[in-house]
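Here the structure comes first, spelled out in structure tokens, and everything after it is commentary.
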Ligand SMILES: Cc1cc2nc3c(=O)[nH]c(=O)nc-3n(C[C@H](O)[C@H](O)[C@H](O)COP(=O)(O)O)c2cc1C
Ligand code: SF4
């Protein structure tokens with residue numbers, strides 16, 4: 001009997017040696033005369049266990065990890081090909097608490113299937129959403145997405161159905177779907193995981209968006225730092241085209257939709273939708289003033305849906321299971337599930353998809369398992385480099401859009417970066433300004449000049465911490481500068497940089513305070 005062994009192909013696992021492990025298993029099996037079939041799957045998102053190898057048994061898949069190539073002979077000796085026990089055994093994959101506690105809707109297939117097998121995709125429920133969509137009118141599709149309560153997962157949380165409706169209602173000879181796969185936020189990897197681990201779900205979501213809005217052409221915009229994701233999506237596009245999922249007659253519906261991948265050089269601001277559109281048009285990635293909205297005048301001046309990977313990849317299940325099914329997950333105005341990315345100094349870093357509504361503390365302390373260093377958590381930054389820092393006293397904040405806004409923070413792309421008690425929050429505040437200065441597109445003054453002045457003022461505070469002078473005046477200056485950037489910037493790069501700075505100042509004021517000369521000398 002041939003044993004199926006799953007070795008992930010996603011770039012994080014490959015960076016950790018997954019290719020070598022696949023080769024070692026193949027060689028070892030041949031030498032021992034054991035019949036194995038290696039399936040390269042997407043990552044399950046349990047990154048502290050990667051490369052995590054799974055063996056298919058009658059009881060289910062048994063996981064082993066983290067595996068090194070040198071572990072392979074020992075695994076065979078122990079009989080892992082029949083699911084036997086071994087020091088690296090994690091038991092049944094589905095029973096691993098980190099996975100078992102999740103509600104996987106968007107990531108339902110990621111890690112289960114061969115990402116390049118359309119047949120495997122369909123066996124696990126793929127294409128059911130698109131098959132339903134092609135039988136509906138565009139208005140019905142848009143209405144379903146609106147009713148599901150899906151909000152943009154790229155950062156702003158704007159209702160996806162409303163955006164689609166604007167594009168549907170716009171009259172134009174050509175409309176576009178643009179998938180924002182720039183994924184520039186620190187500590188985020190959900191978009192990459194889907195592109196590498198289940199690209200068909202994204203293609204299906206884009207095709208549904210096209211049919212819903214009358215857009216016949218789609219572009220996936222991502223950065224050059226994602227070569228594996230680009231290759232995976234491009235390969236999936238070719239397969240989907242051959243199978244009639246993309247092309248002039250989507251699933252025999254008589255409606256057309258096709259797409260291609262476009263690569264940017266990798267600038268944080270090119271994730272901002274108007275800057276992205278400029279980059280896509282071959283121009284410099286500078287932010288455009290709004291209005292006009294991209295939904296009315298987007299790519300090449302035509303009505304354009306710009307949606308994040310997660311937003312589009314969540315659409316197929318909504319069209320498959322219905323608006324109410326999706327809407328019933330979550331809390332308040334945050335419906336459905338959110339793929340949270342746990343990173344930084346944390347024991348169990350990875351992808352955790354769950355319904356909105358968990359307290360932040362539960363996510364980082366229980367699910368994430370606290371810090372990797374074993375030291376106390378001092379701060380977590382939520383929502384990328386423009387997100388606020390939360391101290392443990394704020395860990396009761398519920399993970400949903402409104403609760404985070406009320407707590408002077410933002411969810412952003414749902415990335416969480418954990419820091420232990422050795423973090424210097426003054427340095428983190430400086431980093432926020434420095435990041436903004438480096439990544440600013442330069443179009444507006446509060447951001448272009450403000451971020452540079454911010455670095456200077458923080459440096460003066462750092463100096464004042466030692467000589468004990470002038471700190472209060474500098475802190476007042478920072479606060480004032482943050483107000484100007486918040487209200488005067490054209491886009492959220494300058495407008496949100498105050499979140500990390502002000503939250504650091506508010507929750508960790510001691511890091512900005514002067515120490516006596518004696519203490520400093522110590
Ligand atoms: C500086 C900046 C960077 C951004 N980066 C991204 C990004 O990498 N990916 C993304 O989807 N949205 C990003 N956004 C948000 C986009 O402008 C836009 O709101 C989003 O693509 C809309 O899709 P959604 O409604 O599906 O979230 C960024 C915004 C700003 C201001
Ligand atoms: S806030 Fe910064 S990135 Fe945004 S438009 Fe102004 S200069 Fe450009």
Completion exercise
Of the candidates 279, 334, the one satisfying the condition of being within 15 Å of ligand 1 (Cβ to nearest atom), crowded, with 19+ Cβ neighbours inside 10 Å and farther than 30 Å from residue 132 by Cβ is 279
Practice task
Could you please find all residues in the stretch 1-35 being touching a helix residue (DSSP H, G or I) at 6+ places or on another chain (Cβ under 7 Å), crowded, with 21+ Cβ neighbours inside 10 Å and farther than 19 Å from residue 199 by Cβ?
Solution key: 5, 21, 24, 25
Problem - Given (1) under 24 Å from residue 172 (Cα atoms); (2) touching a helix residue (DSSP H, G or I) at 6+ places or on another chain (Cβ under 9 Å); (3) touching a residue at least 60 places away in the same chain (Cβ under 8 Å), index of the condition residue 318 fails - result: (1)
Handout entry: Selection count, the stretch 367-396, where residues are surrounded by 23 or more Cβ atoms within 10 Å (Cβ to Cβ), more than 16 Å from ligand 1 (Cβ to nearest atom) and assigned to a loop (DSSP other than H, G, I, E, B)
Key = 1
Completion exercise
Among the residues of the stretch 119-142, the number that are on the phi > 0 side of the Ramachandran plot and crowded, with 17+ Cβ neighbours inside 10 Å is 1
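In this structure, does residue 155 turn out to be within 16 Å of ligand 2 (Cβ to nearest atom), out of contact with any helix residue (DSSP H, G or I) (no Cβ under 6 Å at 6 or more places or on another chain) and part of a loop (DSSP other than H, G, I, E, B)?
Considered against the rule, which asks whether it is within 16 Å of ligand 2 (Cβ to nearest atom), out of contact with any helix residue (DSSP H, G or I) (no Cβ under 6 Å at 6 or more places or on another chain) and part of a loop (DSSP other than H, G, I, E, B), residue 155 comes out as yes.
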Handout entry: Residues that are within 16 Å of ligand 2 (Cβ to nearest atom), farther than 21 Å from residue 391 by Cα and either over 31 Å from the mean Cα position of the chain (by Cα) or not in a helix (DSSP H, G or I) (or both), drawn from the stretch 460-506
Key = 489, 490, 491
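So which of 452, 457, 417, 423 ends up being farther than 19 Å from residue 272 by Cβ and assigned to a strand (DSSP E or B)?
Result: 417 is the single residue among 452, 457, 417, 423 that is farther than 19 Å from residue 272 by Cβ and assigned to a strand (DSSP E or B).
On the basis of being surrounded by fewer than 20 Cβ atoms within 10 Å (Cβ to Cβ) and modelled with pLDDT of 95 or more, does residue 431 make the cut?
yes
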Completion exercise
Only unsatisfied item for residue 456, checking (1) within 15 Å of ligand 2 (Cβ to nearest atom); (2) more than 25 Å from residue 391 (Cα to Cα), is (1)
Exercise for the section: Kindly indicate which of 434, 402 is part of a helix (DSSP H, G or I) and away from ligand 1 (no atom under 16 Å from the Cβ). Expected result: 402
Handout entry: Given (1) at negative phi; (2) crowded, with 18+ Cβ neighbours inside 10 Å; (3) within 16 Å of ligand 2 (Cβ to nearest atom), index of the condition residue 423 fails
Key = (3)
Problem - Residue in the stretch 197-213 that is over 21 Å from residue 317 (Cβ atoms) and either under 14 Å from the mean Cα position of the chain (by Cα) or part of a loop (DSSP other than H, G, I, E, B) (or both) present - result: no
Exercise for the section: Tell me, please, whether a residue that is assigned to a helix (DSSP H, G or I), away from ligand 1 (no atom under 13 Å from the Cβ) and surrounded by fewer than 24 Cβ atoms within 10 Å (Cβ to Cβ) can be found in the stretch 294-306. Expected result: yes
Handout entry: Where a residue in the stretch 286-297 is over 10 Å from residue 274 (Cβ atoms) and its partner, wherever it lies, is away from ligand 2 (no atom under 16 Å from the Cβ) and not in a loop (DSSP other than H, G, I, E, B), with Cβ under 7 Å and at least six apart
Key = 295/163; 295/166; 295/167; 295/304; 295/305; 296/166
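The values are calculated or read from the model by the stated rules, or taken from the named source; none is laboratory data. Bear in mind that the values here come from a model prediction, so they are computed numbers and not experimental data. All Cβ positions, even for glycine, are placed from backbone atoms using ideal geometry, and neighbour counts span all protein chains on display.
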